[in-house]
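My structure is below; once you've seen it, I'll send some questions.
Throughout, read-outs are computed from the coordinates displayed, never taken from laboratory work. From a predicted model like this one, the values you see are computed outputs, not experimental measurements. Cβ coordinates were reconstructed from backbone atoms using ideal geometry, including for glycine residues, and neighbour counts include every protein chain displayed.
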Amino acid sequence: MSWRSEQIWIETITGSRKISNFCWTVILFLGSLGFLVVGISSYLGRNWLSLFPSQQIIFFPQGLVMSFYGIAGLFISSYLWCTISWNVGSGYNRFDRKEGLVCIFRWGFPGKNRRIFLRFLIKDIQSVRIEVKEGRVLYMDIRGQGVLPLTRTDENLTAWEIEQKAAELAYFLRVPIEVF
């Protein structure tokens with residue numbers, strides 16, 4: 001989502017609260033829970049799941065390995081649930097021609113550096129850069145600071161959309177476009 005006037009352009013950035021992340025986290029949680037239940041039922045010798053009778057899966061080594069995969073999957077899914085609940089990566093880009101400032105804000109992981117806030121002068125921006133190596137990523141080249149990514153590699157923007165976005169931003173900031 002984006003809001004724009006003649007002097008200010010605010011672009012909101014979606015973090016980890018995407019439908020695909022929810023789907024993968026639920027799938028991973030249910031799969032790892034299934035592995036753990038099968039491993040535990042093979043250890044106890046009881047059928048907790050009717051799909052896999054415990055007599056067919058011996059605890060050592062199959063049940064032990066399935067328990068390990070289940071526990072590992074539960075840890076990974078809990079990590080993903082945490083990133084979704086903290087909404088890591090969300091924020092906004094604010095381009096203000098009136099004040100001559102660019103503000104980049106992102107939420108990170110909890111801790112001392114949870115809030116990531118970068119501020120630059122518009123006159124320090126050398127160019128808007130499009131890189132096509134690993135997907136299509138839009139960067140902002142800042143004098144003395146290097147390049148700063150403005151889009152993610154997993155946004156799946158088409159070539160036309162990324163070029164349109166780069167052209168609009170370069171026109172708004174009055175800087176040239178570079179393609180790499």
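Show that you can apply the helix-only estimate: for the chain, add -39,500 (n - 2.57) for every DSSP H stretch of four or more residues, divide by all residues, and state [θ] at 222 nm to the nearest 500.
Result for the chain: -12500 deg cm²/dmol, rounded to the nearest 500.
Starting from region 21-124, pick out the trypsin sites (Lys or Arg not before Pro) whose DSSP state is loop and whose Cβ has at most 12 other Cβ atoms within 10 Å.
ARG46, LYS98, LYS112, ARG114
In nm, to one decimal, how far is the modelled label at GLU178 from the one at VAL37, with both set 7 Å along Cα→Cβ?
5.5 nm
Right, something else. Please state, to two decimals, what the Cα-based radius of gyration of region 108-167 comes to when divided by 2.2 N^0.38 Å (N = residues).
Working it through for region 108-167, the quotient is 1.29.
What number does the chain give for Rg over Rh if you use C-alpha atoms and the Kirkwood radius?
That ratio is 1.21, to two decimals.
Taking a spot 7 Å from the Cα of ARG152 along the direction of its beta carbon, which residues of region 111-125 have an amide N less than 18 Å from it?
It comes to 114-117, nothing else.
When the distances between all Cα atoms of region 19-86 are binned every 10 Å from zero, what whole-number percent does each bin get?
Result returned by the calculation: 24, 43, 22, 10, 0.
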